[in-house]
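No lab work stands behind these numbers, since they all come straight from the coordinates. Keep in mind that what you see is a predicted model, and the values were worked out from it rather than measured. Backbone-built Cβ (ideal geometry, glycine too); neighbour counts: all protein chains shown.
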Amino acid sequence: ITKDLMPSYGSIQKLYARDKDLVTLCEDKIIQIFVDKDMLFNADGNTQLLSTNRVLGEAQPFRGNYGISKNPESFAAESFRAYFTDKQRGAVIRWNNSYIRRWNA
């Protein structure tokens with residue numbers, strides 16, 4: 001089972017499993033990969049989640065240009081929130097289900 005990601009995102013540093021998706025923390029990007037689901041893109045640009053027999057579905061990057069650099073040990077999660085550092089950009093990141101917020105380090 002493999003999933004190709006954009007090389008510009010850098011190497012995968014940490015995988016974090018949630019209910020029905022896999023959050024992939026790369027050096028320069030945070031990506032949500034749907035598990036047992038895939039996305040259907042409609043003509044109007046909206047998306048719908050569909051059930052699929054593929055294990056790993058669509059890879060959807062989160063907004064913002066943040067990653068975990070090469071510091072996976074900086075990751076900490078509590079209920080629906082996660083925190084990590086992006087050393088390359090000098091930021092502490094709070095990730096909350098669907099958005100990413102930055103604090104300057």
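For the peptides 86-96, 5-15, 71-81, the ranking by mean Cβ contacts within 10 Å, running from highest to lowest, is 86-96, 5-15, 71-81. Simple spin-label estimate for Arg89 and Arg102 gives 0.4 nm between the two label positions (7 Å along the Cα-to-Cβ direction from each Cα).
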